[in-house]
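The block underneath contains the structure these notes are about, expressed in structure tokens.
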Amino acid sequence: MKWRELIKERSSIRSYKDKKVDEKLLEQVRQYMKELSPLIPEQKTEILLLGKEAGPRLEGIVGYMGNAFFAPNYILLLGEDSEEGYIHAGYLAAQLELKLTELKLNTCFLSINEAKAVKTALNISSPLTVTTCISFGHGNPEKDSNRIDIKSRSDVRMEKIKGHIAPKIAMVELVSQSVFGQSCDFAEDAMDPNWEKAFYASSLAPAALNRQTYRFLIEDNMLYLLDREVKHITREDRYLNDGIVMFYFHTVLTAHFHKPDSWTVGTVEKKPEWKVPEEYFVVGTYRLF
Ligand SMILES: Cc1cc2nc3c(=O)[nH]c(=O)nc-3n(C[C@H](O)[C@H](O)[C@H](O)COP(=O)(O)O)c2cc1C
């Protein structure tokens, strides 16, 4: 898949046409559900593809203010109710959302407000918990707008974008080098140009309430993903955000070469020389080379 292009193309769409998604496309989605790259292979996961009938049942128990959008289809992920479980779910769901984007379908993540109620409403008897949900279908058209992509001071582009655009975190804020808040000079010789592409793709990731609270810190050949608790974002959504951004980074970085290992999930001690604000903790570690 052309991950970078799909990442740029993707945006959350919250209104769908009352039109069935072609069975051939749904078959491709079902097939892809079996081909996802796992982040933590030992994590148990179930993925369900649901039809229109799920919409009214999900109303009130998923989505901001209980809005489930009455979409033609939903993908529901079930997994383990743990930090690793949600990060893993985010990693898988990111792949599914981009596959749907490739199939020219529109999508939106839905926060799970009442996981047990979702299982009851949909008659799901699995021992796993509902970790995340994506609505999808043919979206209603939105007005086109311009997006300014600021990659660096010397690389500012104006692109015509279909539909709305959600503001995204700036690269200088997202990525630090050696010391928290110290911006990273991607023009430096030591920098692999693929890193910049991978960080830029990460900056475009979807995030609950559009709060991209995570930060990257590069130290030599190691990359750390940091995150923090903020008001209004549940622990589950925050870990999903982390899993999504982990996938975006890894898939774009490895677009042109094979790297068997991805992120190692789990916290490590913050080094004092990083000068990381107290509220941040390490969520995952990545060996860059
Ligand atoms: C874990 C997660 C949960 C989300 N929950 C909802 C939701 O319940 N309702 C909704 O309308 N959008 C939801 N979103 C979509 C975000 O609001 C959206 O990604 C963000 O505003 C950025 O916009 P974009 O996806 O168009 O780039 C969620 C996204 C993520 C990653």
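Nothing in this text is a laboratory measurement; each read-out follows from the coordinates by a stated rule. These figures come from a predicted structure and were not determined experimentally. Because the Cβ atoms are built from the backbone with ideal geometry, glycine has one as well, and the counts that use them run over all protein chains shown.
222 nm [θ] for the chain, helices only, -39500 (n - 2.57) per DSSP H run of 4+, per residue, to 500? Can you show the working numbers first?
Numbers: 8 runs with 84 residues, N = 289.
Counting only the DSSP helices, I get -8500 deg cm²/dmol.
Looking at region 49-108, which GluC sites (Glu not before Pro) are in a loop (DSSP not H, G, I, E or B) and have at most 14 other Cβ atoms within 10 Å?
Loop-located and lightly packed - GLU53.
Suppose R0 equals 35 Å. What FRET efficiency, 1/(1 + (r/R0)^6) with r the Cβ-Cβ distance, do LYS52 and ALA255 give to the nearest 0.05? Numbers along the way, then the final one.
On the way: r = 35 Å, r/R0 = 1.01.
According to the calculation, E is roughly 0.50.
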If R0 is 25 Å, what FRET efficiency do you get for ASN67 and LEU103 from their C-beta distance, rounded to 0.05? 0.60
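With a 10 Å Cβ neighbour count serving as the proxy for reagent exposure, in which order, fewest first, do VAL245, VAL29, VAL283 appear?
Values: VAL245 31, VAL29 19, VAL283 25.
Taking fewest neighbouring Cβ atoms as first place, the list is VAL29, VAL283, VAL245.
Can you pull out the trypsin sites (Lys or Arg not before Pro) in region 204-263 whose DSSP state is coil and whose Cβ has at most 16 other Cβ atoms within 10 Å?
ARG211, ARG228, LYS231
Could you grab the relative contact order for region 168-287? Cα pairs under 8 Å, six or more apart, rounded to a whole percent. All intermediate terms of the calculation are to be shown ahead of the outcome.
On the way: 174 pairs, mean separation 36.0, N = 120.
Relative contact order, region 168-287: 30 percent.
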For region 23-99 and region 178-197, what is the centre-to-centre distance using only Cα atoms, to the nearest Å? 34
From the Cα gyration tensor of region 25-115, with a ≥ b ≥ c the square roots of its eigenvalues, which class applies: rounded if a/c is under 1.5, or else prolate if a/b is larger than b/c, or else oblate? oblate
